[in-house]
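The values are calculated or read from the model by the stated rules, or taken from the named source; none is laboratory data. What you see is a predicted model, and the numbers here were worked out from it, not measured in a lab. A quick note on method: Cβ atoms are made from the backbone with ideal geometry, for glycine too, and the neighbour counts reach across all protein chains shown. Ligands, DNA and RNA are excluded from the accessible area calculation, which covers all protein heavy atoms including side chains. Shrake-Rupley method; radii C 1.70, N 1.55, O 1.52, S 1.80 Å.
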Amino acid sequence: MALRLSGGIGCPLLFQRPNNSKSGIPTSFATNSNHQSFPGKPCEADFVVIGSGIGGLCCASLLARYEQDVLVLESHDLPGGAAHSFEIKGYKFDSGPSLFSGFQSRGPQANPLAQVLDALGESLPCSTYDSWMVYIPEGEFLSRIGPTEFLKDLQTYAGLDAVREWRKLLDAVLPLSAAAMALPPLSIRGDWGVLSTSGARYVPSLLKSIVQMGPRGALGATKLLRPFSEIIDSLELKDPFVRNWVDLLSFLLAGVKSDGILSAEIIYMFSEWYKPGCCLEYPLNGSGAIVDALVRGLQKFSGRLSLRSHVENIIVEDGRAIGVKLRGGQFVRAKKAVVSNASMWDTLNLLPVEAIPKSYQEKVKATPQCESFMHLHLGFDAQGIREDLEIHHIVVNDWERGVDSDQNVVLISVPSALSPNLAPKGKHILHAYTPGTEPFELWEGLDRSSSEYKELKAQRSEVMWKAVERVLGPGFDREKCDVKLVGTPLTHKRFLRRNRGTYGPAIKAGQGSFPGHSTPISQLFCCGDSTFPGIGVPAVAASGAIVANTLVSVSQHSQLLDAVGI
């Protein structure tokens, strides 16, 4: 499997060689593999960040932008965490997210990741498009985003009642988007300084937008931190297709259905997808281009990244996190703080048990998790495949089972349809997966070299193969693929170092809250999908920004906001 993690050995010398790679990532990072002492600067930094997922890179690059000495320690031999790209036989695959929007947006209401990239002075060339293929029990159609296009599909596949209810829903929620997007994530911090960086700057405009909405809109704004299903119920929306569709969008966005997603989250997405002139975006060099841009930003401001550096433990003395111990026993000191980009469960396992309050341990262990994934990565010949192939396809087998049921929804991405450079000439790449619905219990304890594991792997991947064959048509032959990679929850756990291979917390709005970025351990902070509602790319980018902002002064934070014009 190409999603390879290498165990980290030694503490890096951390000088950067000339950048000769096309990706923008240095061709190598010098590391010491024989456990000797290191010339030059000792193994320490002001801030040590564990993990180079998007959340960790956003945090580290902004800290570097704030002129802090920051070091990112990554166990993998590639940066990016679940969003990294990998290459086999000339095919460059996305390992995780592939559906994006808002990269080109600017200003206070921009995508959080776009705000971070703007702060770093990094751009992300993208191809734009406005449609995705949907395969549902009612039929299959090309679904277009925008205020009116989707209505035509609704009328064809669900009827006029569904059209009326969808209009009613848009009329109710789109005016709320100004309130949902009122506080730019880049302005938020985790201390009382937020009253200056967020409150003083943006609360007046928030209040103005609420007043402009009138009494009904203002009442709706009070529901932004409640489950979205409450808004649906208050509008008395009954049409099964509309409710199923909203459940699907909610689940794809946050890993929970409409009764579990915060209204603010999905209203933000509605404002991105159903406004005039909206579009979806795909980075021209794949999702790895996002990681490359963040790494360039980190390096630009003298931040350091060490690959193959596996953190075994967070070292705590007198109730404070003072650094980390790498595999092999090397100690890396954090003079100001340690930031963990690992999940809440994996971070807990890095800490000494005696240093963690029992109540915190119990809360983390009791937090519900999304299930894991099945992955299918393919490289194949484009001959015989339709030339107007869409980049994204969603297959729903049975609405009655629910979109969160295992083996029921398959997502398929064919990035080479928009970015041909990701595959050899005349070829395509494809990534299919079941989105956080594969039960880990089916796989727990299996030996990956056993016949039992291989048989289960073939059995549980068949739903993806059938979805791919439906999408690509009779011109596709699974036996003729140049590359065939099947990933399981054990793959996900092993190569991404995710507890139980999980997608993240399954915390339902109104039934619990994300733990945030601080911990009971002084000088230990967390970022990533365990800290901020949403799980996906915008949420983890926001989480990394919030931690970075919290770790610097209010004046530094304010100067950054002024510099990027928000």
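Of the trypsin sites (Lys or Arg not before Pro) in the stretch 220-308, the ones in a loop by DSSP (not H, G, I, E or B) with at most 15 other beta carbons within 10 Å are LYS238. The stretch 270-286 and the stretch 328-371 have Cα centres separated by 36 Å.
Overall form of the stretch 458-566: prolate. Here a/c, set by the Cα gyration tensor axes a ≥ b ≥ c, is 1.5 or more, and a/b is the larger of a/b and b/c.
Could you please report the charge total around TRP465, scoring K, R as +1 and D, E as -1 over all other residues with beta-carbon less than 13 angstrom from its beta-carbon? Combined, the nearby Lys, Arg, Asp and Glu give +2. Once the chain from LEU195 to PHE331 is taken as fully extended at 0.36 nm per residue, the excess over their C-alpha distance is 45.2 nm.
Using a probe of 1.4 Å, the accessible surface attributed to VAL291 totals some 0 Å² when neighbouring protein chains are kept in position.
Using a 1.4 Å probe, what is the accessible area per residue for the chain, in Å²?
That works out to 40 Å² for each residue.
The share of accessible area on the chain that comes from carbon and sulfur is 51 percent, using a 1.4 angstrom probe.
Spin-label model, LYS275/GLU236: points 7 Å from Cα along the beta carbon direction are separated by 3.1 nm. Annotation note: trypsin sites (Lys or Arg not before Pro) in the stretch 358-426 located in DSSP loop regions with a Cβ neighbour count of at most 12 within 10 Å are ARG386, LYS425.
If contacts are Cα pairs under 8 angstrom and at least 6 residues apart, what is the relative contact order of the stretch 478-566 in percent? Relative contact order here is 15 percent.
Considering only alpha-carbon pairs that sit under 8 angstrom and 6 or more positions apart, the relative contact order computed for the stretch 473-527 is 15 percent. Near MET374, the amide H atoms lying under 5 Å from its own belong to THR434, GLY436, THR437, GLU438; only residues 5 or more places off or on other chains count, and H is placed 1.01 Å from N. Return the subset of LYS335/LYS493; LYS425/LYS484; LYS257/LYS363; LYS89/LYS480; LYS457/LYS480 for which the Cα-Cα distance in this structure is over 25 Å, preserving the input order. The pairs that break the limit, which is 25 Å between Cα atoms, are LYS335/LYS493. Look at where the Cα atoms of the stretch 44-62 and of the stretch 457-481 average out, and the two centres are 39 Å apart. Couplings for the stretch 549-566, taken from phi via the Karplus curve 6.51 cos²θ - 1.76 cosθ + 1.60 with θ = phi - 60°, read 4, 5, 8, 10, 6, 4, 5, 4, 4, 5, 5, 5, 4, 5, 5, 9, x, 10 Hz in order; Gly and Pro are left as x.
For the stretch 424-460, the set of GluC sites (Glu not before Pro) satisfying both a DSSP loop assignment and a count of at most 12 other C-beta atoms within 10 Å is given as GLU444. The 3J(HN,Hα) values that the Karplus relation (6.51, -1.76, 1.60; θ = phi - 60°) gives for the stretch 463-480 are, in residue order, 4, 6, 4, 5, 5, 4, 5, 5, 6, 8, x, x, x, 9, 10, 4, 6, 9 Hz. Gly and Pro appear as x.
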